[in-house]
Amino acid sequence: MKIAIQFAMPAEFHALPGMRDLQPFETLSGVPFFQAAPDILAACGGVGKVNAAMTAQILCRRFRADLVLNAGVAGCFTDLPVGTPVIVSDFVQHDVDTTAVGDPIGLVSTVNQVSFPTWEPERCRGLLRSLGVTAETGRAATGDWFAVRGARAEWIRDTFRPVLAEMEGGAVAQVCLRNGVRCVALKSVSDHLFSLSQADEYFDFGQALENLGRIVLPFAQALRAEL
């Protein structure tokens, strides 16, 4: 059983203990791939949906991952404290809009889905609990837009009812679906969209990274043992 952890930013990967000086064993299409532990790969794919999709496809096809764990920090629509771990239950893509031809908002063509469920979120939450970590669960809204307070954030909140906003996970889940690979997502709350201090929170999200880095690898190892 091979687990692949997919990050967007190097800072998220470097938050894992002992990983800052680890060198990639291979770089493909500009994406570095690391051996984080036996049968556990890690990649820093870059920010945004295209980078995320490309990296996930490489993990699924080139490295034949059995499960992709998308891990990173995320903005929050609610009042969960900074650093709160969240197991994503499903992803929507808020920037997909073909309503002009009669589709529901957020419908992704070809797969014809709005919601992209992750693999057994409550089971994953239980695995974290067995590691002494209390996590929340909820939907995440993905899009190529850094979510900030305003009318668009309000529209996303009211339309999709997500807990989190981020920029990669929906693309990862879509690629995993098409490859028949399990997808799990673990996010750490970094900032609050409707807070007047959102910018200060985001640019000083050490607590979010610390909490993420402490649990990602043990969680990946627990997933490998579970499967």
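General observations
- Unique residue being within 20 Å of residue 4 (Cβ to Cβ), under 17 Å from the mean Cα position of the chain (by Cα) and modelled with pLDDT of 95 or more when the list is 140, 165: 140
- Evaluation of residue 24 against (1) under 19 Å from residue 175 (Cβ atoms); (2) touching a Pro at 6+ places or on another chain (Cβ under 7 Å) (one fails), failing number: (1)
- Single unsatisfied condition, residue 91 versus (1) aromatic (Phe, Trp, Tyr); (2) in a loop (DSSP other than H, G, I, E, B); (3) within 21 Å of residue 48 (Cα to Cα): (2)
- Restricting 141, 220, 185 to residues that are closer than 27 Å to residue 19 by Cβ and either assigned to a strand (DSSP E or B) or touching a Ser or Thr at 6+ places or on another chain (Cβ under 9 Å) (or both) narrows the list to 185.
- Pairs are defined by a Cβ separation below 9 Å, a sequence spacing of at least 6 or placement on different chains, a first member in region 165-189 that is within 12 Å of residue 53 (Cβ to Cβ), and a second member that is among the acidic types (Asp, Glu) and at pLDDT 95 or above; the pairs so defined are 167/144; 173/90.
- Taken over region 1-32, the residue count meeting the criterion of being crowded, with 21+ Cβ neighbours inside 10 Å and not in a loop (DSSP other than H, G, I, E, B) is 7.
- Enumeration of residues in region 153-176 that are loosely packed, with under 15 Cβ neighbours inside 10 Å, assigned to a helix (DSSP H, G or I) and not β-branched (Val, Ile, Thr): 154, 155, 158
The values are calculated or read from the model by the stated rules, or taken from the named source; none is laboratory data. Bear in mind the structure is a predicted one, so any value in this text is a computation, not a measurement. So basically every Cβ, Gly included, is an ideal-geometry build from the backbone, and we count neighbours across all protein chains shown.
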